[in-house]
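In what follows, a structure is listed as structure tokens, so that the remarks can point back to it.
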Amino acid sequence: MADVHNKDQRRKNMRAIKSADTSIEVRVRKMLWHAGYRYRLNVKSLPGTPDIYLPKYRAAIQINGCLWHGHNCPQFVLPKTKTEFWKSKITDNVKRDIKNAETLQLQKIRLLVIWECALRGRGRLDENYMLILLERWLSSEKTLAIVDKQGAKFPDPANFISQINPALAIH
Ligand SMILES: [Zn+2]
């Protein structure tokens, strides 16, 4: 019985995390829409079902929750209960993210990953600044961009792993 309860609780936790991710995603969409960009949402035909896809720019945008996607930042804190469960769940997510980033690259689709910590919490970026970063990237030729609260970086796609929290031992 206790285990059934735990499973229920876990499901609730996961749902809470996912819907929190959705709310920051909506802010990014609105930002782009008001600036005149047109896009498609949750494009299932592309690897990883990108949150936002701008066909004109062949550019996909993923908004990643720092816990759920294993960011190497202070917002990544493994839950104290069921730690191993979460660790393996998140490790699976990260492996999938890496694979999807590679496949997008093969399809010549550019990818911008915005980490949750750039949009929420202490030290988040100003929304106007965020829009400037997005526009700069869209009009650039850069394949991969990462936005966190330090701003934008452009790692080599093979180096995507450098973003991931070492606690997940994916390296
Ligand atoms: Zn983060």
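The values are calculated or read from the model by the stated rules, or taken from the named source; none is laboratory data. Here the structure is a predicted model, which is why all the values come from computation and not from measurement. Neighbour counts run over all protein chains shown; Cβ positions are idealised from the backbone, glycine included.
Couple of notes before you dig in:
- Filtered residues of the range 98-135 (kept if under 14 Å from residue 152 (Cβ atoms), away from the ligand (no atom under 16 Å from the Cβ) and buried (at least 19 other Cβ atoms within 10 Å of the Cβ)): 110, 111, 134
- Test for residue 102: is it touching a strand residue (DSSP E or B) at 6+ places or on another chain (Cβ under 6 Å) and at pLDDT below 95: no
- Any hit, the range 63-83, residues being aromatic (Phe, Trp, Tyr) and within 15 Å of the ligand (Cβ to nearest atom): yes
Every residue, every condition in (1) in contact with a helix residue (DSSP H, G or I) (Cβ under 7 Å, 6 or more places away or on another chain); (2) under 26 Å from residue 170 (Cβ atoms), yes or no:
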site	(1), (2)
42	no, yes
58	no, no
68	yes, yes
76	no, yes
101	yes, yes
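- Taking the range 136-170 as the range and being of a type in the set (Asp, Glu) and either surrounded by fewer than 18 Cβ atoms within 10 Å (Cβ to Cβ) or away from the ligand (no atom under 11 Å from the Cβ) (or both) as the test, the residues that pass are 141, 156.
One line per residue, one yes/no per condition, for (1) modelled with pLDDT under 95; (2) part of a strand (DSSP E or B):
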site	(1), (2)
98	yes, no
111	no, yes
121	yes, no
134	no, no
159	yes, no
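- Of all residues in the range 71-93, exactly one satisfies the criterion of being of a type in the set (Lys, Arg) and crowded, with 16+ Cβ neighbours inside 10 Å, namely 87.
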